[in-house]
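Only one structure is covered here, and it is reproduced in the block below.
Taken together, the values in this text are just the output of simple stated rules run on the coordinates, not laboratory data. Not measured: the values here are computed from a predicted model. Reconstructed Cβ throughout: ideal geometry from the backbone, glycine too, with neighbour counts over all protein chains shown.
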Amino acid sequence: MATSVAPQPTPLVRSFTCPSCGGAIAQRTGGWAQTIVCPQCGAVLDADDASLRILQAAEQRERIRPLLPLGTRGTLSGVLYEVTGFQRRQIVVDGVAYHWNEYLLFNPWHGFRYLSEYGGHWNEIEVLKRQPVTRVTGGRPAAQLEGQLFKHFQTADAETVYVLGEFPWEIRYGDRAQTQDYISPPRLLSAELTGEEQTWSLGTYRTADEMRRAFPDVKGLPSPTGVFANQPSPYAGRAKRLWTTWVLLVLGLIGMLVVNQLFAARTLLLSERYVYDKAAFAGDSTVSGAFVTPVFTATGRPSNIEIAIESDVDQDWMYLNIALVDVARGSAREFGREISYYSGRDSDGSWSEGSRRDRVRIPAVPAGEYYLRVEPEGGDIGRIGGAPVQYSLTVRRDVPNMGFYAIAFLVLLLPPVFGGIASASFEGRRWAESDYASSSGSDDGE
């Protein structure tokens, strides 16, 4: 048998005439209302008085259009509410006024609910019957509610600067209260102190998309700007997950490195020593000094070949044009390496630059027979005052490449580092609006 869901009952609306301006007033909360604000003139009226006694004459000069007009209906947490009241409140920081809007929602079976909006940021608010515990943590005030710690964000004096609709308390234009806000995103714990009375409320951040779904008939709800006090960080938990992933990947990389180190062949293919004497070729342009090494055999799977060069060059330089030649295919892989070493002393002490050693790796060399074609060049080597240079060429097969692992480590480090920077930047923008900012710009609301 099919079941049906009972429709939400519609609150009874009664009409009155404003004693101040004669305009029509619709009362939507029945006997709950204590004050009603005329939407035409802004006069504050006593809802408990049959003749709607004027509690405060019309003082509002500016006419404000709420984003959620009075009478608008929307569904929050599965309950249909109607907007019955609106007030704009503000704080003043360093002579600059920052304001936010508050909406009173009513359902005759579920009572009242509250919404606040600042810069496109929304909070759904409930008045607390339980009292949070306040304390000092890390040198700053904090509040604890149901085991959750809220950090103090801001203390300010709030003033009501505009009101519309009806309220279950006595409200007036110009009402003031001290507000204290504590945050634990996405929740906002607020205390309001008026005289000797203190009221606590708990807000939960709602996105603009959630509000558009809750009030589908309202068009033009703005997108949020800036970062709000209890706005959840889009990076929350992401930095930790990125670092956890990084640790796992680095452990895998270390494992690869260990395996590579343990099983790399490092097979010696060639080790020869040579002498380069530039004077031996002086005046003879037909002799270049080029030579070829003995043929060596590379076996096994395609792997790298490392060519290491060591020399005794001193106060001079030498350049080697080298080609790895495949005997069977006749193809060659060519490259050049420079070796130089200079040293001396000056007023700052001993110095040196360059190196007498160099090495190069040729990747993915298939098995086969090879030799090196070498053509050396030099500066003053072998000339007057310059001695011949002795150098060696050592060729090995399948040598671990530590540079690859260093580059991989740095690449893996980028996501968590940039994720941490983005998270810190978001939190910095959040706290820039608090009492603990380095500069004193602040715009906090309920």
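Under a point spin-label approximation (7 Å from Cα along Cα-to-Cβ), what is the Thr225-Val247 distance to one decimal in nm?
For Thr225 paired with Val247, the spin-label model returns 4.2 nm.
Using packing as a proxy for protection, rank 183-196, 414-427, 76-89 so that the peptide with the highest average count of other Cβ atoms within 10 Å comes first.
Highest-to-lowest ranking by the protection proxy: 76-89, 183-196, 414-427.
At a 10 angstrom cut-off on C-beta neighbours, averaged per residue, how do the peptides 357-365, 133-141, 321-329 rank from highest to lowest?
321-329, 357-365, 133-141
Run the quick spin-label model on Ser392 and Gln148: label points 7 Å from Cα toward the beta carbon, then report their separation in nm to one decimal.
Each label point lies 7 Å from its Cα, and together they span 7.1 nm.
Checking the a/c ratio against 1.5 first, then a/b against b/c, what shape does the Cα gyration tensor give for the range 212-281?
prolate
Let me check I've understood the local charge: for Glu210, count other residues with C-beta under 13 angstrom from its C-beta, Lys and Arg +1, Asp and Glu -1. What total comes out?
0
Calculate the spin-label point distance for Phe263 paired with Lys240, positioning each point 7 Å from the Cα along the beta-carbon direction, and give it in nanometres.
According to this spin-label approximation, the distance is 3.7 nm.
For the range 316-393, what's the relative contact order in percent, using C-alpha pairs closer than 8 Å and at least 6 residues apart?
Relative CO of the range 316-393 lands at 37 percent.
Could you calculate the contour length gain from Asp157 to Thr207, that is, 0.36 nm times the residue separation minus the distance between their Cα atoms, to one decimal place in nm?
Gain on stretching Asp157 to Thr207: 15.4 nm.
Taking the Cβ-Cβ separation of Asp94 and Leu193 as r and a Förster radius of 22 Å, what is the calculated FRET efficiency to the nearest 0.05?
0.50
Given R₀ = 25 Å, FRET efficiency for Ala408-Arg359 by Cβ-Cβ distance, to 0.05?
Computed FRET efficiency for Ala408 and Arg359 comes out at 0.80.
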